Amino acid sequence: MNNKNIKMVILIMLILMITLSSVSAGSYASNIIAEGEMQYKHAATGVIAGLSVSCTLFAILFVVVMIKLKNTHKQIKRNKVIDSETGIGNLVYFERCYNIGISDDVRDNYHIAYIIIDSSYLQVYHGEAVFLDFVKYTAGVLHYYESDDGFAARITENGFVYVFRKSSEEETQGRIAEMINKLNSYVSGDNKRRRPFFYVAAYNLKKTDKSCELLLFNLRKNCNKLIGTDRQFVVCEENMMDKAAEEKELLESISRGFKNEEFKLYLQFIVDNKTKKIMSAEALSRWNSPDKGILGPGNYIQLMEKTGLIVEFDYYMFERTCRQLHKWKDTEFDHMTISCNFTRITISENDFVERIKEIANKYVFDKSQLIIEITEDAIEKNMKNALENIAKCKKLGFKIALDDMGSGYTSLINLCEYPIDIVKIDREILLKTQKINGKHLFAGIIALSHNLGLKVVCEGVETDEQNELVSSLECDYIQGWYYSKVLPRHEGEEYARAYTQKLLA
């Protein structure tokens, strides 16, 4: 019963009491007129009795409503701090216990264990029901270890925390080891354990650990590093937590960078091997950070991949590529294509095709001039989704390029299966051409690609010797610093004009 309904009930009771009182009063008046003063005492007695019954009913109903209201408030309050699926505390509960129950002066007497379930693996290979079984079992184990001086909570879909007062280091290590063994002993349904599903990061709290948000972020970062390894448990030292805190600060800066459009489109031009004319460009990014200046992808891409921001970043860069092609329409650059990179995470998204279609349709350009560039591992990581998405992109009119060919993921037979148009030979293969076998390998990849009807781009050409070698072979296009550095969009356009004029002179 919500507050609005309770107020309505009270209003109805007041109306009822007034009505009963009015009826009693009316009866009283009628009796005086009809029967005279001899019956006054009897009428008065009736009125008093009617009022008494009304007030009694009102009082009873009022008490019932107030008890209901109090119980409702208690339930609402309880629901705010209890996880509905497991019955143990949630994030709000943890924050209250941490901030109120553990004061600054005794905080260093406590340990915290952060437990992560490998949800991605369980959900993909065993299903949602099995994952939920593991969640409930984990909550049960943590509840078992809760005591008067400790508490546990489920703080994310697959993350739990357990805080307890420390004793000796041996006893602390023993408690966590026992807990891990208990977690590992669980098998759900027909599932047979082939790998760890639980990972734990433990940390001795410091008096300075006042921020719950920062503490949990740091622990989760360190715990996530264990997933997929043979290690299930790590004790976090202070320097590990500091490093995670730096990453959190960088992550917040990246998020602000998205809002402020600090990530800029840069271009590296690609030339036709025969004519040496600029025919294409690869869309690259640089971060124009207000604090640190211009930063290359090595400073932010890896962190984006770890935190999931890379998906939005890929779409962010894709939109700027579409916008650039739209601006070049009916200009001196309208013959050029631009390739845009997508990571393995994004290319396998279920709504990938819908997202790029929605973005591309906001701009006017020939779809065949936009090349979706993917890496070999992007396909291998989730082949079914990736191949379906790539095939749909080709139907929309986009070209597909396979980047870093020869870097180690793709077997040659898979080239027959991939719906691609262009192969970009990895720079490492070019560097191997200093030896005769390397040259044969390089030429063989070009010949094989051509036999499959694919165009070939040679990446990483930087020296006269490399340019002469590549130019002498039947490679279709050349990319590298020998012809073009990575340039901001406006500078790139000026460079392309100057390069073309020089070539025609």
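The values are calculated or read from the model by the stated rules, or taken from the named source; none is laboratory data. Please read these numbers as outputs of a predicted model, since none were measured by experiment. Using ideal geometry, Cβ is built from the backbone for each residue, glycine included, and neighbour counts are taken over all protein chains shown.
Inspect segment 142-149 for any residue being aliphatic (A, V, I, L, M), touching an Asp or Glu at 6+ places or on another chain (Cβ under 9 Å) and buried (at least 16 other Cβ atoms within 10 Å of the Cβ) and give the result as yes or no. I'd like the intermediate steps shown before the answer.
From segment 142-149, those aliphatic (A, V, I, L, M) are 142; that's our starting set.
With the extra rule that they be touching an Asp or Glu at 6+ places or on another chain (Cβ under 9 Å), the set shrinks to none.
Within segment 142-149 (the criterion being aliphatic (A, V, I, L, M), touching an Asp or Glu at 6+ places or on another chain (Cβ under 9 Å) and buried (at least 16 other Cβ atoms within 10 Å of the Cβ)), the answer is no, since none of the residues qualifies.
Test TYR98 against the criterion of being closer than 23 Å to ASN222 by Cβ and either of a type in the set (D, E, K, R) or in a helix (DSSP H, G or I) (or both), and give yes or no.
Judged against the criteria, TYR98 is a match.
Which is modelled with pLDDT of 90 or more and of a type in the set (Gly, Ala, Ser), of ALA139, ALA177?
Of the residues listed, the single one that is modelled with pLDDT of 90 or more and of a type in the set (Gly, Ala, Ser) is ALA139.
Quick one: SER339 ticks every box in (1) touching a strand residue (DSSP E or B) at 6+ places or on another chain (Cβ under 6 Å); (2) assigned to a helix (DSSP H, G or I) except a single one, so which number is it?
So SER339 meets the others, but not (2).
When ARG320 is evaluated against the numbered criteria (1) in contact with a Cys (Cβ under 9 Å, 6 or more places away or on another chain); (2) at pLDDT below 95, which criterion, by number, is the only one it fails?
Failed condition: (2).
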